[in-house]
Structures are given as structure tokens and as C-alpha cells.
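Worksheet: the structure to be examined is printed underneath.
The values are calculated or read from the model by the stated rules, or taken from the named source; none is laboratory data. None of the values given here were measured: they were computed from a predicted structure. Neighbour counts run over all protein chains shown; Cβ positions are idealised from the backbone, glycine included.
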Amino acid sequence: MSHAAVAAHPETATGLDSRKLAIWTFIGSECMFFASLIGTYLVYKGKDVAGPRPHDVWLLNGKEVEQMLEIPLVTTGTALLLFSSLFVVLALYGAQKGKRGMLIGWLGATLFCGIFFVGMQVFEFTHFYHRGMGFTTNLFSQTFFTLTGFHGGHVSLGVLWLSTVFVLALRGKLPPEKSLNLEIAALYWHFVDVVWIVIFPVVYLIH
Amino acid sequence: MDAAAHTHEHSHPTPAVYVRIGITLFVLTALEVALYEIGRRGQPPALALAITPVFVELLLLLSAFKFALVAMFYMHLKQDSRLFSSVFVFPLIIAAAIIMALLLLFGYLYSLHPLPK
């Protein structure tokens, strides 16, 4: 990598950029936060006195129509979230190399995937609500909405953060020496992705 | 910052590596869903019978592998300073301990006070 592509930062005791160390420390604290939510979901899993339960089948006129959890839809959202992680590193590569087209194109694709994922969750939550599963219906609904809702909130925050970086890139205010601004946002985005990598099998696939 | 540390911190992978990792992640996710569908439908029966006893372990293993790929390559922990790895891995160990502790404590609690059916 060329020296111009390396983001400059003030002298620090560790020799590392403090902003990058700060985001890693924040990500570490977030790991413990999500662990408590995942742990809570797991300890209450299958302990509901009343349904609906995650792998129950909805009945329409006495006929099984579909599983409560929308596996095909959520799998699509999961795939797009994984691809968004790829797209954001390609955008970062473009930013570090000064390739503006690559930066804007891949960052735009990342935002599209993120927005789709948030939309998928809004659809899923609304669908559950119309099927009679609100936040206080049972233990499953409370732990499910809390866990996936907090994750969705993090994704939304990531979309907003990346949008601000996208606007900077569009205005030509993200030269290679300022690529760390995108790298830090991308680290947060990847964290949101790895949390979903854990949530997806735990909540949707394991029964 | 010394030059060696600087170079070490920033020698990130190439786009070709990123794309290969992306494809691997996609394939692993497809495998997770395929395992789920085989278990749910019970088809093909022989495969479903073989998968069922180790279904949870397989999914957790695949999930851990995907997690590691993203952390190492996309989050650049493989190339960046070890200090970043430390501030991520140490809380990750605590996070795993939190989940294990909650499962053990509540498992013990439910054995003492079973929930009404």
C-alpha cells in the first residue's frame, strides 16, 4: 500500500490510532451486551407457558400454511448482510487507493443491503404483530423482539453512520488520508454482521 | 509509530481475497440453511438421521467459522496490531462466559423449580 493511502494520526503511546483503539474497545463492550441478550434468549427458550413458539406452524382453516419464523426471507436478509460486509471492505479498499468510483459504488451497495435488512426486520415484526404475537405475548416474543430489535437498532445506526460517510465521499471529502473515517464505520458494520452470524442460527435455525 | 508497526497495521488483503471470503461466507450460510431444511423435512432420511444428533454442534461450528473469517479478514485482525485483537478477544471470552454462566445457573434453577406445563 502506498504511503499516501495510510491515514495519518497524532503520536500515541501505543503507536496506534486512538480512534481505532476506541472503536475496538466499544466493540468489545458490545460483545458483552449482546452476550447477555443471547444468553437471556437461550435460558427462556422453550419455557413458554403459552404459544406461539418459534417453530410452531401457523394454521389457516385447520391447514398448515407456514412456519412462524420466515426462514426464506430472513436467509435473504442474512445473505445481503454478509455481502454488505464484503461491499464495505471493497469500498474501503477504494477509499485507501483513492479510487472514488469504487468507493462510492460499493458504499452505495452496502447501504442498499443495510436498508433491505432493516426493511426485512420491520416486515417481520409487523407480520408477527398481525398474527397476534406482540412484545408481551409470551417469553419467546419478549426475548425475540428484544434481541433482534436491539440488533436491528444497531443496523439502523450503522446505516445512518455509513450514509454520512457516503455523503462525504460524494462531496469528495474522503481522500485516502482520511480513509480511517470509513474504516472505523466499517469495523462497526462488520461487528453488526458478526452478531447476526451468531443470532441467525441460534434464533432461526436451532430448534 | 515505528515504520514496521505502521506497515504491519495497514497491509490489508486484496479485493480478490475479500471476494473469496465473501463467497465462502455465502456457501457456509447456504450449508447452515440446508442442514436446517434436511432436519426439518427429514429428507433424505439417511442424511437427516445422521445430522440430527449433531445438528446444534454443526451449526455452532459453522457459525464460529464464519465469525472468525469476518473478524480475521474483513475486520483485519489478522493483519492489524495484536492490541486490537486483545481488546476484542478478551471481552469475547467474557461474553462466552456470560452465556455459559446464564445457561448453567438457569438450568440449575429449573431443576430445583420446574416451570408449570
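Residues checked against (1) surrounded by fewer than 21 Cβ atoms within 10 Å (Cβ to Cβ); (2) within 19 Å of B:F65 (Cβ to Cβ):
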{"residue": "A:S156", "(1), (2)": "yes, no"}
{"residue": "A:L162", "(1), (2)": "no, no"}
{"residue": "A:V165", "(1), (2)": "no, no"}
{"residue": "A:P176", "(1), (2)": "yes, no"}
{"residue": "A:S179", "(1), (2)": "no, no"}
{"residue": "A:E183", "(1), (2)": "no, no"}
{"residue": "A:W189", "(1), (2)": "no, no"}
{"residue": "A:V195", "(1), (2)": "no, yes"}
{"residue": "A:L205", "(1), (2)": "no, yes"}
**The listed residue being among the β-branched types (V, I, T), at the interface with another protein chain (Cβ under 8 Å from one of its Cβ atoms), assigned to a helix (DSSP H, G or I) and surrounded by 16 or more Cβ atoms within 10 Å (Cβ to Cβ), out of B:V33, B:V56** = B:V33
**Prompt:** For segment B:59-106, which residues satisfy the criterion of being crowded, with 20+ Cβ neighbours inside 10 Å, among the hydroxyl-bearing types (S, T, Y) and part of a helix (DSSP H, G or I)?
**Reply:** B:S63, B:Y74
**One residue from A:G108, A:G119, A:G94, A:G101 being crowded, with 17+ Cβ neighbours inside 10 Å and not β-branched (V, I, T)** = A:G94
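Just to be sure before I move on: is B:L109 at the interface with chain A (Cβ under 10 Å from one of its Cβ atoms), surrounded by fewer than 14 Cβ atoms within 10 Å (Cβ to Cβ) and at pLDDT 95 or above in the structure I sent?
No: the conditions fail for B:L109.
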**Message:** For segment A:9-49, give me each residue that is touching a Phe, Trp or Tyr at 6+ places or on another chain (Cβ under 9 Å), outside any helix (DSSP H, G or I) and in contact (Cβ under 8 Å) with a residue 60 or more places away in the chain.
**Reply:** A:K45, A:K47, A:D48
**Request:** Determine if segment A:55-74 includes at least one residue that is at pLDDT 90 or above, among the basic types (K, R) and not in a helix (DSSP H, G or I).
**Result:** no
